[in-house]
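See below for the structure under consideration.
The values are calculated or read from the model by the stated rules, or taken from the named source; none is laboratory data. The model shown is predicted, which means the values in this text are computed figures rather than measured ones. Note that we place each Cβ from the backbone using ideal geometry, even for glycine, and neighbour counts take in every protein chain shown. For accessibility, only protein heavy atoms count, side chains too; no ligands or nucleic acids. Shrake-Rupley method; radii C 1.70, N 1.55, O 1.52, S 1.80 Å.
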Amino acid sequence: MRVVHLPARTPYVWKLHDQRFQIINNTTIDDGSIVPPDVTAAWLLEHRPLTWLDVLHLHHIELEELETLERLLDACADSGVRVVHTAHDIHAMFRGNDELQKRLRLLDSADIDWICLTHGSATALTSLLGRDVNATVIPHGYVADPATLENKQRDPTQGRQRYLLFGAARPNRDQLSTVVNWSLFTEKPEHELHLLMRGFSPAHFSDPSSQVPRLLDVIHTDPRIKTTMRGYPTDDEVITAGLAADALLLPYLWGSHSGQLELAFDLNLLPICSSVGYFSDQFDQHKGLVTEPEWFDWSRGNPHLFGERFVAALERATERLATENFEPNSHFLEYRQAEHKQILDQHAQIYGRTGKAHA
């Protein structure tokens, strides 16, 4: 089965590879074109009829215009292409909730196959659409391939505590107050914070609400904060940064799930994580096998108290880092291998399912 992921930029996508189905992003199709990793609905519409693929696996549908997405669903129906959507986000990330809900309802009207990453998000999707969509719940799974972590050890600390914060400057992550509070709370000069950042766009500097200019001011005032800028960090770069850290800061204001949290489980980093979305479901999925995050409650209450809660979590994390062992866990990595096989089996079943007429 030939599968196109829209888009195919994240570790989540590229680990979904199996002899039963082939990812054809970044490969050449019949007309000589190369399917882009970050393929768009518009690109696919320019390459009709879609007889060169069997499955279209949608991911971040907020990035697509509603009318273009509707035309793409029609084109898939015309060519007998199965459409699958992994609902990474139930709460809007890039547009307003109304816009996301319009896209989700459009997919529902097209009778596509649904995947959710947690039972909580599947319940929320059912509530949002007003009917049971019968989503298949498939956990996110590993970010770092367990085979690449065999016999890996965390870099020696030499008494330091090392914190990592990485990812894009998105509105659902409070990077500014997190960095400020870490800098002011952390007194020991040997401790450090590593920021592994994705490239900033002009919008980060032209938007009056953007935190980026002020974030840069803070970074430049504390020599314990080191930064690495990449257009899009590779898996190897993220894993290397994780093995050189002890704790991962996850200051989400909202979100449905976190691949970063799964990376913390892979590497046995201490996650210092806001208790929003269905992140606790992700922990429960692996309960007894992974380190419980140091939670701070940003799911409710007055936002003026968020800083206080984060600093309290830092205090608790500081004590845990001084007393607990956070080396990579070989038993958990064995579990990841078995989990991954089940994830691939579930995707193969959905991709090859019969009984839905898309033609």
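Quick notes on this one:
- Dipole check for the chain: with +1 at the C-beta of Lys and Arg, -1 at the C-beta of Asp and Glu, and the Cα centre as origin, the magnitude is about 100 Debye.
- Debye equation applied to the C-alpha atoms of segment 19-58, log10 I(q)/I(0) at 0.25 Å⁻¹: -0.95
- Cross-link pairs 102/341; 152/188; 102/226; 226/341 - those with Cα-Cα distance over 32 Å: 102/341; 102/226; 226/341
- The residues neighbouring residue 160, those whose beta-carbon lies less than 14 Å from its own, together hold a net charge of 0 under the Lys/Arg +1, Asp/Glu -1 convention.
- Principal semi-axes of the equivalent ellipsoid, √(5λ) from the alpha carbon gyration tensor of segment 229-359, are 30, 20, 15 Å from largest down.
- Cα point-scatterer Debye curve for the chain, base-10 log of I(q)/I(0) at q = 0.07 Å⁻¹: -0.32
- Full extension of the chain between residue 20 and residue 237 gives 75.2 nm of extra length, using 0.36 nm per residue less the Cα-Cα distance.
- Once both labels are positioned 7 Å from their Cα atoms along Cα-to-Cβ, the gap between residue 168 and residue 98 label points is 2.4 nm.
- Descending by average beta-carbon neighbour count within 10 Å, the peptides 221-228, 133-140 line up as 133-140, 221-228, the highest first.
- Applying the criteria of a DSSP loop state and at most 15 other Cβ atoms within 10 Å to the GluC sites (Glu not before Pro) of segment 312-350 yields 324.
- For residue 187 and residue 304, a Förster radius of 25 Å and the Cβ-Cβ distance give a FRET efficiency of 0.55, rounded to the nearest 0.05.
- Take the Kirkwood radius over Cα pairs of segment 82-218, plug it into Stokes-Einstein at 10 °C and 1.306 mPa s, and you get 84 µm²/s for translational diffusion.
- Whether segment 271-339 is rounded, prolate or oblate, judged on the alpha carbon gyration tensor where a/c under 1.5 counts as rounded: oblate
- Rolling a 1.4 angstrom probe over segment 93-216 with all protein chains present gives an accessible area of which 50% lies on carbon and sulfur atoms.
- FRET efficiency estimate (nearest 0.05) - Cβ-Cβ, residue 155 to residue 319, R0 22 angstrom: 0.55
- Reduced Cα scattering model of segment 49-126, Debye log10 I(q)/I(0), q = 0.13, 0.14, 0.17, 0.26 Å⁻¹: -0.38, -0.44, -0.64, -1.33
- Sparse packing (at most 10 other Cβ atoms within 10 Å of the Cβ) combined with a DSSP loop state is found for the following GluC sites (Glu not before Pro) in segment 121-223: 150, 187.
- Residues in segment 34-51 that a label on residue 71 would reach, taking backbone N under 19 Å of a point 7 Å out along Cα→Cβ: 36, 39-51
- The convex hull built on the alpha-carbon positions of segment 161-313 has an orientation-averaged projected area of 9.1 nm².
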